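Student: Have a look at this one before I ask anything.
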Amino acid sequence: MKKHIVLLPGDGIGQEVITSAQEVLNAVAEEFDHSFTFDTKDIGGSAVDLHGTPLPQDTVDACKNADAVLLGAVGGPKWDQLPSHLRPEKGLLGIRKELDLFANLRPIKGFPKLLHASPLKEHVVKGSDLLIVRELTGGLYFGTPSERRDNGHSVVDTLAYTRTEIERIVDKAFQCAQLRRKQLTSVDKANVLESSKLWREIVDEKSSQYPDVTVEHQLVDSAAMKLITNPTAFDVIVTENMFGDILSDEASVLTGSLGMLPSASLRSDNFGLYEPVHGSAPDIAGLGLANPLAMILSAALMLRYSFQLEDEAKLIEDAVQSVLDDGYHTSDLQLEGGQKLGTKEMTVQIVEYIKSQSTTNSILNCYV
Ligand SMILES: NC(=O)c1ccc[n+]([C@@H]2O[C@H](COP(=O)([O-])OP(=O)(O)OC[C@H]3O[C@@H](n4cnc5c(N)ncnc54)[C@H](O)[C@@H]3O)[C@@H](O)[C@H]2O)c1
Ligand SMILES: CC(C)[C@H](C(=O)O)[C@@H](O)C(=O)O
Ligand SMILES: [Mg+2]
């Protein structure tokens with residue numbers, strides 16, 4: 001299979017972990033005889049430095065012509081004081097909107113070897129396996145007006161949704177639930193927000209179209225508490241943009257580190273941009289310490305969702321599981337024993353596992 005992938009490294013550790021994903025994809029391509037070609041484009045703070053904008057038109061055009069996009073992370077203290085329209089984060093929001101990536105899927109599943117890496121008790125974390133379906137192109141992030149007023153003495157942000165925007169993300173979440181344990185939790189703030197009241201109505205309306213899925217509503221504040229006191233109670237969570245942003249970083253605690261969480265941002269035709277949930281981690285950028293697994297697992301999601309290459313996606317996930325089982329980990333995972341690796345060494349372990357499967361397959365083939 002021939003596929004063209006645009007790489008958007010962005011800033012900080014984004015630049016380090018994107019290389020890991022590319023190396024892993026090259027190993028997969030070799031193993032399965034695919035041809036993956038790559039084009040690297042600028043976004044975020046590095047694009048501001050080079051082009052005076054966090055989202056150059058050339059980057060948008062390249063992404064629109066690609067089969068899929070991989071993004072590292074954007075942002076950092078160097079650009080924090082810039083006016084809003086020049087902030088690196090505007091580049092990320094801009095590309096999500098330009099590509100109409102309304103459905104952000106954030107799977108959270110602990111690896112057995114990392115049970116001790118979570119600050120939560122092992123019996124609480126064990127067995128957690130949930131999917132956050134976050135609305136990604138509406139809500140507070142995009143509503144207008146969003147501005148300072150009265151010479152800076154007052155300010156307004158707007159939480160706006162159309163019925164169509166809510167319907168399409170709710171449909172997506174029901175469809176995800178049908179493929180999993182058929183249990184959907186819609187998270188909102190319907191005791192206060194008008195937008196949440198419409199959200200709730202639409203979830204209730206839609207539920208009759210998916211009779212095999214059990215639905216419950218939860219308010220976001222108590223859902224945040226339940227997510228870490230009783231995480232196994234959740235299967236699929238659907239929620240608006242900002243609630244999803246906050247809950248997904250919180251849920252990363254179940255896996256031991258933010259450096260473990262991948263994500264897929266999808267359009268209705270399954271075209272997607274794949275990025276780790278974490279940011280540019282300025283505190284460790286450039287030190288070669290970043291955990292590349294969230295980025296590598298995001299590449300696996302790309303193979304699964306955009307290219308329908310399930311065996312290839314599974315091979316990457318097996319590689320991650322096997323390398324962790326062997327006791328290798330990066331320093332963000334608070335683990336005793338085993339062997340701590342940097343970004344590059346961890347990537348080598350994953351690539352070696354993928355290549356070793358090729359050797360195993362050819363040895364087995366000799367005996368067929
Ligand atoms: N998708 C994105 O591009 C994205 C996401 C979140 C934050 N950001 C941006 O990143 C910048 C820093 O934000 P922040 O510090 O709040 O969040 P962050 O996710 O960058 O870092 C939070 C903490 O987690 C650690 N961490 C994150 N990813 C890691 C990894 N792969 N390996 C090891 N440790 C990891 C960091 O070292 C830090 O201690 C900000 O400019 C923010 O806007 C970008
Ligand atoms: C950097 C920021 C704009 C972004 C978001 O809030 O969507 C990030 O936190 C994420 O989770 O992808
Ligand atoms: Mg976030």
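Throughout, read-outs are computed from the coordinates displayed, never taken from laboratory work. In this text the structure is predicted, and so the values were computed from the model without any measurement. Cβ placement follows ideal geometry from the backbone for every residue including glycine, while neighbour counts extend to all protein chains displayed.
Student: Report, in whole Å, the centroid distance computed from the Cα atoms of the range 257-300 and the range 181-250.
Tutor: 24 Å
Student: Within the range 108-151, report the trypsin sites (Lys or Arg not before Pro) that DSSP leaves as loop and that have at most 10 other Cβ atoms within 10 Å. Let's see the in-between values first.
Tutor: Values: sites: LYS109, LYS113, LYS121, LYS126, ARG134, ARG148, ARG149; in loops: LYS121, LYS126.
Hits after loop and neighbour filter: LYS121.
Student: Based on alpha-carbon atoms only, what is the radius of gyration of the chain relative to the globular estimate 2.2 N^0.38 Å? Don't skip to the end; give the middle numbers.
Tutor: Numbers: Rg = 20.6 Å, N = 368, 2.2 N^0.38 = 20.8 Å.
With N residues counted in the chain, Rg over 2.2 N^0.38 Å equals 0.99.
Student: Once amide H atoms are built 1.01 Å from N in the peptide plane, which residues 5 or more positions from THR158, or in another chain, come under 5 Å H to H?
Tutor: Residues meeting the amide H criterion: GLY143.
Student: Out of the chymotrypsin sites (Phe, Trp or Tyr not before Pro) in the range 80-162, which ones are loop residues according to DSSP with at most 12 other C-beta atoms within 10 Å? Numbers along the way, then the final one.
Tutor: Working: sites: PHE102, TYR141, PHE142, TYR161; in loops: PHE102, PHE142, TYR161.
Counting only loop positions with at most 12 other Cβ atoms within 10 Å, none of the chymotrypsin sites (Phe, Trp or Tyr not before Pro) in the range 80-162 qualifies.
Student: Ok, one more. What residue among VAL320, VAL220, VAL187 shows peak mean-square fluctuation when the chain is described by a Gaussian network model with Cα springs under 10 Å?
Tutor: Looking only at VAL320, VAL220, VAL187, the biggest GNM fluctuation is shown by VAL220.
Student: Also, quick follow-up: For a quick check: sort CYS176, CYS63 by the number of other beta carbons within 10 angstrom, fewest at the front. Let's see the in-between values first.
Tutor: Values: CYS176 19, CYS63 22.
Neighbour counts put them in this order, fewest first: CYS176, CYS63.
Student: Within a 10 angstrom radius of the beta carbon, how do LYS172, LYS78, LYS2 rank from fewest other beta carbons to most? Walk me through the intermediate numbers first.
Tutor: Values: LYS172 20, LYS78 15, LYS2 9.
Sorted ascending by nearby Cβ count, the order is LYS2, LYS78, LYS172.
Student: Right, next: Give me the net charge of GLY10's neighbourhood, meaning all other residues with Cβ under 11 Å from the Cβ of GLY10; Lys, Arg count +1, Asp, Glu -1.
Tutor: Values: positive: LYS41; negative: ASP11, GLU16, ASP42, GLU89, GLU275.
For residues surrounding GLY10, the net value is -4.
Student: What ³J(HN,Hα) values, in whole Hz, does the Karplus curve 6.51 cos²θ - 1.76 cosθ + 1.60 give for the range 328-341 when θ = phi - 60°, with x put for Gly and Pro?
Tutor: Rounded to whole hertz, the list is 7, 7, 9, 6, 5, 7, 7, 10, 7, x, x, 10, 7, 10.
Student: List the aspartates and glutamates whose Cα sits under 15 Å from the Cα of LYS197, skipping any in the same chain fewer than 8 residues away.
Tutor: Output for LYS197: GLU165, GLU167, ASP188, GLU205, GLU216, GLU240.
Student: Over the Cα atoms of the range 171-300, Rg to Rh with Kirkwood Rh, two decimal places?
Tutor: Working: Rg = 16.2 Å, Rh = 16.2 Å.
Looking at the range 171-300, the ratio lands at 1.00.
Student: In addition: Count the DSSP beta bridges whose two residues both fall in the chain, then state the antiparallel fraction as a percent rounded to the nearest 5. Don't skip to the answer; put the middle values down first.
Tutor: Details: 19 of 48 bridges.
The antiparallel proportion sits near 40 percent.
Student: Order of TRP199, TRP79 from fewest to most other C-beta atoms within 10 Å? Show your work: numbers first, answer last.
Tutor: Values: TRP199 26, TRP79 20.
Fewest-to-most ranking of TRP199, TRP79: TRP79, TRP199.
Student: For the range 19-65, what is the Kirkwood estimate of the hydrodynamic radius, computed as the reciprocal of the mean inverse distance between distinct Cα atoms, to one decimal in Å?
Tutor: Details: mean 1/r = 0.0814 Å⁻¹.
The Cα-based Kirkwood calculation yields 12.3 Å.
Student: Let me ask something additional. Compute a Gaussian network model of the chain, connecting alpha carbons closer than 10 Å, and tell me which residue from VAL238, VAL156, VAL69 fluctuates the most.
Tutor: Checking each option, the largest mean-square fluctuation is seen for VAL156.
Student: Helix-derived [θ] at 222 nm for the chain: sum -39500 (n - 2.57) over DSSP H runs of at least 4, divide by residue count, nearest 500?
Tutor: Theoretical 222 nm ellipticity from helices: -13000 deg cm²/dmol.
Student: Pick from GLY91, GLY337, GLY143 the residue whose mean-square fluctuation is largest in a GNM of the chain, springs joining Cα atoms under 10 Å.
Tutor: Evaluated over the chain, the most mobile residue of the options is GLY337.
Student: Separate question: Straight-line reach from LYS126: which lysines fall under 28 Å, measuring Cα to Cα and dropping same-chain residues less than 8 apart?
Tutor: Answer for LYS126, where 28 Å is the Cα cut-off: LYS109, LYS113, LYS172, LYS182, LYS226, LYS314, LYS340, listed by chain and number.
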